[in-house]
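The values are calculated or read from the model by the stated rules, or taken from the named source; none is laboratory data. Only a predicted model underlies this, so the values are computations on that prediction, with no experimental measurement involved. Here Cβ is always computed from backbone atoms with ideal geometry, including for glycine, and neighbour counts include all displayed protein chains.
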Amino acid sequence: MSTFRQLCKETAIRPRKALFYFPAERTTGIAPTKLIVEKDVDICEGQLVTVNWERKKVPAKILAVNGKLLTLC
């Protein structure tokens, strides 16, 4: 069963770009998802990740992927 799950994860289509929110700077930015440092995370709205942004590793929150905007409270 674990090899089936691994195969599904490896063949899943990942979004190319995401809208990130950088809490330290209180800014947003659109960037390719390949800039995410963690390689084994599911890329989805609301996920906290580390991003290589302008040659620095900074924490960020994913607000949107593939044109889907996260509803903020």
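Determine if the stretch 45-54 includes at least one residue that is in contact with an Asp or Glu (Cβ under 9 Å, 6 or more places away or on another chain), surrounded by fewer than 16 Cβ atoms within 10 Å (Cβ to Cβ), at pLDDT 90 or above and of a type outside the set (A, V, I, L, M, F, W, C). Checked against the condition, which is being in contact with an Asp or Glu (Cβ under 9 Å, 6 or more places away or on another chain), surrounded by fewer than 16 Cβ atoms within 10 Å (Cβ to Cβ), at pLDDT 90 or above and of a type outside the set (A, V, I, L, M, F, W, C), the stretch 45-54 yields at least one hit.
Inspection of the stretch 26-44 finds a residue satisfying the criterion of being modelled with pLDDT under 80 and closer than 11 Å to ILE62 by Cβ.
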